[in-house]
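Remarks on the structure that follows.
The values are calculated or read from the model by the stated rules, or taken from the named source; none is laboratory data. Only a predicted model underlies this, so the values are computations on that prediction, with no experimental measurement involved. Here Cβ is always computed from backbone atoms with ideal geometry, including for glycine, and neighbour counts include all displayed protein chains.
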Amino acid sequence: MTRAAYAIASIVAMIAARAFDLAVTYYFCPDLSREANPLVARHGHGWTTLFVMSTILVSAVAVCTIYYWLCAPARVPLPPEARSVWDFASFCYFRKPHRRWRFVLFMLTRPPKDWRHFTRMLGFALPPAVVFVSLAAASSWLTTQPGFGWYAAFYGAVFPLYPYVVAVPVAVIGAAFFYRSEYRMALEQRVVL
């Protein structure tokens, strides 16, 4: 799949998933009295806030996705010590290779050295997370229906972390696919992307 096709498909999927979540929310709870979003549940904001938040979320991720599409990878010599996807990802993120767990720790605690590359990675990895979280949020309304006790029990057990239980693994998998793809191209061209 080309970068253009991925970007267009991602943006369309995010818009559709967010619209589906809002439509399902409206169907099950038009007055938002049982909405789980903290801005609505605790602070009393309504449909305008939900719509604006969805628009901002999709727009921010779409900007990163369009950046991924339009900005070609930077062409920098690939260092000889970048012998694995992990080394490659660390080099792209920090401009120097780190061991696997050190890289993960640094990635969680330090800003990237190459913001252009980081934005491209977000543009690839975040759209599936937005889609999955939107579908998970829409499916959470099943907990209010008879016969879905198993889902209600699962949802109740992970509720405060529910979006993250879905979003984080999907985004990590997306980042892994991004780095694998970029690493393959770098090996073919012997450049860092």
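Below are the figures for this structure:
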| item | result |
| --- | --- |
| Hey, Glu81 in contact with a Leu (Cβ under 6 Å, 6 or more places away or on another chain) and farther than 30 Å from Asn37 by Cα or not | no |
| Any hit, the range 76-84, residues being out of contact with any Phe, Trp or Tyr (no Cβ under 6 Å at 6 or more places or on another chain), at pLDDT 80 or above and assigned to a helix (DSSP H, G or I) | no |
| Unmet requirement for Ala4, which otherwise passes all of (1) at pLDDT below 90; (2) of a type in the set (A, V, I, L, M); (3) in a helix (DSSP H, G or I) | (1) |
| All positions within the range 26-38 that are surrounded by 13 or more Cβ atoms within 10 Å (Cβ to Cβ) and either modelled with pLDDT under 90 or among the basic types (Lys, Arg) (or both) | Phe28, Cys29, Leu32, Arg34, Glu35, Ala36, Asn37 |
| Given (1) within 27 Å of Val24 (Cα to Cα); (2) surrounded by 19 or more Cβ atoms within 10 Å (Cβ to Cβ), index of the condition Phe88 fails | (1) |
| Segments classed as helices (runs of 4 or more DSSP H), wholly inside the range 112-193, with at least 2 members that are more than 10 Å from the chain's Cα centre (by Cα), buried (at least 16 other Cβ atoms within 10 Å of the Cβ) and in contact (Cβ under 8 Å) with a residue 40 or more places away in the chain | 115-139, 162-189 |
| Filter result (assigned to a helix (DSSP H, G or I), surrounded by fewer than 15 Cβ atoms within 10 Å (Cβ to Cβ) and small (Gly, Ala, Ser)) within the range 52-72 | Ser59, Ala60 |
